[in-house]
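Asks: I am attaching a structure below and will ask some questions about it afterwards.
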Amino acid sequence: MIPLEAAGLTLFILALAAGIFATVFSLPGTVLILVASFVYALFTGFEPIGFRVLAVLAILSVSAEAGEFILGMMGAARFGASRKAFWASLAGGILGAVLLAPLLFGAGALLGMFLGSFVGMLAAEVLRQRRIKPALRAAWGALLGTAAGILFKGLCALAMAVIVLAKIYS
């Protein structure tokens, strides 16, 4: 293998790892994997990774992003959350991730996302229902839905990386 090819493959594998890692923080890591795979395919003349594989990756990427959103909403709705509370949960998750990102070498963003999501949902539901028990239940549902969405998206990202690497090394 020519050193330039080895460097390109190494960068590609690092992009795949970054995509998988990004899903943990609810970032569009599957899109990163799709774009990196397309660029790799472009540079290699679509030899190891063809259009069929790219189509499968695109379907997985869209499914993962939509699935994360849908699972988050389903978790919140199943436990009695309102739409306003869902949006408060989303805003709280983003704010929490930004505020706690510097802690724990960046892993605070994950903690902040879950904590902010929980607090945002709880605050909105307490304001809406004026009762703590149903508000806690809705916030717990949002937390479970968010965790399920991230797990689903992470598994899709992992499957995408395995598919691509299997095509390259087969």
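Asks: Arrange the following residues from fewest to most other Cβ atoms within 10 Å of their Cβ: ARG83, ARG137.
Replies: By the 10 Å Cβ count, ascending, the order reads ARG83, ARG137.
Asks: No solvent, one uniform scatterer per C-alpha: report log10 I(q)/I(0) for region 81-165 via the Debye equation at q = 0.26 1/Å, two decimals.
Replies: -1.09
Asks: Given +1 on the Cβ of Lys and Arg, -1 on the Cβ of Asp and Glu, and no further charges, what dipole in debye does the chain carry about its Cα centre, rounded to the nearest 20?
Replies: Dipole size: approximately 960 debye.
Asks: Helix 83-100 versus the longest principal axis of the chain: what is the Cα-based angle in degrees, 0 to 90, to the nearest 10?
Replies: Roughly 60 degrees, rounded to the nearest 10.
Asks: First select every other residue whose beta carbon is under 11 angstrom from the beta carbon of LYS153; then total the charges, Lys and Arg +1, Asp and Glu -1.
Replies: Counting the neighbours of LYS153, the net charge comes to -2.
Asks: Helix 51-78 versus the longest principal axis of the chain: what is the Cα-based angle in degrees, 0 to 90, to the nearest 10?
Replies: 10 degrees
Asks: Between LEU27 and VAL162, what's the calculated FRET efficiency when r is the beta-carbon distance and R0 is 25 Å? Round to 0.05.
Replies: The computed FRET efficiency comes out at 0.80.
Asks: When the label point is put 7 Å from the Cα of PHE69 along its Cα-to-beta-carbon vector, which residues of region 1-44 have a backbone N closer than 19 Å?
Replies: Only 23-35 fall inside the zone, counting backbone N under 19 Å.
Asks: Let me ask you something else. Per-residue ellipticity at 222 nm for the chain, helices alone: DSSP H runs ≥ 4 residues times -39500 (n - 2.57), over residue total, nearest 500 deg cm²/dmol?
Replies: -29500 deg cm²/dmol
Asks: Next question, about the same structure. Which angle between 0 and 90 degrees, to the nearest 10, do you get for helix 29-43 versus the longest principal axis of the chain when only C-alpha atoms count?
Replies: In the chain, helix 29-43 runs at an angle near 10 degrees to the longest axis.
Asks: What residue among THR30, THR44, THR146 shows peak mean-square fluctuation when the chain is described by a Gaussian network model with Cα springs under 10 Å?
Replies: Top of the fluctuation ranking is THR44.
Asks: For the pair GLN129 and PHE43, what calculated FRET efficiency results from E = 1/(1 + (r/R0)^6), where r is the Cβ-Cβ distance and R0 = 41 Å, to the nearest 0.05?
Replies: 0.15
Asks: In whole angstrom, and with the biggest value first, how far do the Cα coordinates of region 3-169 range along each principal axis?
Replies: Result, largest extent first: 63, 32, 18 Å.
Coordinate-derived values only; no laboratory data. Remember, it's a predicted structure, so these values are computed and weren't measured experimentally. Positions of Cβ are backbone-derived with ideal geometry, glycine not excepted, and every protein chain shown enters the neighbour counts.
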